[in-house]
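Chemist: Following this message is one structure expressed as structure tokens.
The values are calculated or read from the model by the stated rules, or taken from the named source; none is laboratory data. Computed from a predicted model, the values in this text were never measured in an experiment. Here the Cβ positions follow ideal geometry from the backbone for every residue, glycine too, while neighbour counts run over all protein chains shown. With ligands, DNA and RNA removed, areas are computed over all heavy atoms of the protein, side chains included. Shrake-Rupley method; radii C 1.70, N 1.55, O 1.52, S 1.80 Å.
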Amino acid sequence: MNIKPGRLDRIILTLNYVLLTLAVLLVAVPLIYVVVASFMEPTALLNKGFSFRLSDYSVEGYKLILSNDAMLRGFVNALLYSAAFALVTVMVSVFAGYPLSVDGFVGHKLLMTLFLVTMFFGGGLIPTYLVVKDLGMLDTPWAVILPGALNVWNIILARTFFKSIPKELNEAARVDGASDALIFLKIVLPLSKPIIFVLALYAFVGQWNSYFDAMIYLENVKLQPLQLVLRSILIQNQVSPGMIADQLAMAELKRLSEIIKYASIVISSLPLIVMYPFFQKYFEKGVMVGSIK
């Protein structure tokens, strides 16, 4: 039976469409501007803004970036750090969340309380720096991978998801003689793909966009991730001399700096754009865990 929407329903539906359209434009317009600007010739971009003439477009910014060793090295470093951080974060969250989800685990309430306390109280930057230093991790990739790998919120998400798995599966496995480790590996983990992929995506994106830890702990330029290179370009308005031939004048440096900024933003966003379609089917189920009983 089809029920025609009333006048109030149509008004609310129209208002929703208008608000959603505005939200999409607020997100899409800056992205389109950055992508188009990254392909424009620097002089045309500065003097005219957007242009529909093909002669005003070029790939000069991408050529400068891809020919620069610091940018490529930073991209590879950021990719490795983000992948390693995501792997460690998922392992810690899963191995900590599963025991806390088991009702018979002795002390799980006390441990959960201690975890929750760390969400509101922390030692601060200086104690953390001293710990990293005393552990010998300064100026090593571990300094940006290990300190933030244990995230209490991720543990709570994992614990909530494990609790949503029917207990009858575990009980049936125990009747067949399966141990706790076998139940975890053969039953729990295969059913936990949504939360594992969501935690991996959260961790990867967070580490990919992070630059502060690397700025504090990494002094070796060869170990610095892409975010520090972008910081010098976007915030400090500095372009590495290697991107532009030494014989070019300062005016040429300023001319090319704008297009290098836009091209850098596009290149730094590529891994996230490529990853999201593969994680999308798990994303909704993972983030909605625990919302429906």
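Chemist: Given H placed 1.01 Å from N in the peptide plane, which residues other than close sequence neighbours of Tyr57 have an amide H under 5 Å from its amide H?
Modeler: Those qualifying (amide H under 5 Å, at least 5 residues apart or on another chain) are Glu41.
Chemist: Which links in Lys63/Lys261; Lys109/Lys133; Lys133/Lys193; Lys193/Lys222; Lys63/Lys222 stretch past 24 Å when you go from one Cα to the other?
Modeler: The answer is Lys109/Lys133; Lys133/Lys193; Lys193/Lys222.
Chemist: Whole number in Å², please: accessible area per residue of the range 50-101, 1.4 Å probe, ligands, DNA and RNA not counted.
Modeler: In whole numbers, the range 50-101 has 51 Å² accessible per residue.
Chemist: May I ask you to compute the full-extension gain from Asn47 to Ser269, defined as 0.36 nm times their residue separation minus their alpha-carbon distance, rounded to one decimal in nm?
Modeler: The Asn47-Ser269 span can extend by a further 77.3 nm.
Chemist: Let me ask you something else. Whole Å is fine, so just give me how far the alpha carbon centre of the range 25-85 lies from that of the range 160-206.
Modeler: Each part reduced to its Cα centre gives a spacing of 42 Å.
Chemist: With only alpha-carbon atoms in the gyration tensor, what are the semi-axes of the equivalent ellipsoid for the range 1-105, in Å, largest first?
Modeler: The three semi-axes for the range 1-105 are 41, 37, 8 Å.
Chemist: Tell me, what ³J(HN,Hα) does each residue in the range 140-145 have, in order and in whole Hz, if you take phi through Karplus 6.51 cos²θ - 1.76 cosθ + 1.60 with θ = phi - 60° and put x for Gly and Pro?
Modeler: Whole-Hz 3J(HN,Hα) from phi for the range 140-145: 10, x, 5, 5, 9, 9.
Chemist: In addition: How much FRET efficiency would the formula 1/(1 + (r/R0)^6) give for Thr160 and Leu135, where r is the Cβ-Cβ distance and R0 is 41 Å, rounded to 0.05?
Modeler: After rounding to 0.05, the efficiency reads 0.85.
Chemist: Give the share of C-alpha pairs in each 10 angstrom bin for the range 117-198, from 0 to the last occupied bin, in whole percents, shortest bins first.
Modeler: Cα pair-distance distribution for the range 117-198, in percent: 14, 31, 23, 21, 9, 0.
Chemist: Provide the FRET efficiency to the nearest 0.05 for the Val102-Tyr33 pair, computing r from the beta carbons and using R0 = 45 Å.
Modeler: The computed FRET efficiency comes out at 0.30.
Chemist: Can you send over the carbon and sulfur percentage of the accessible area for the range 27-131, probe radius 1.4 Å, protein chains only?
Modeler: Using a 1.4 Å probe with all protein chains present, the range 27-131 comes out at 78 percent carbon and sulfur.
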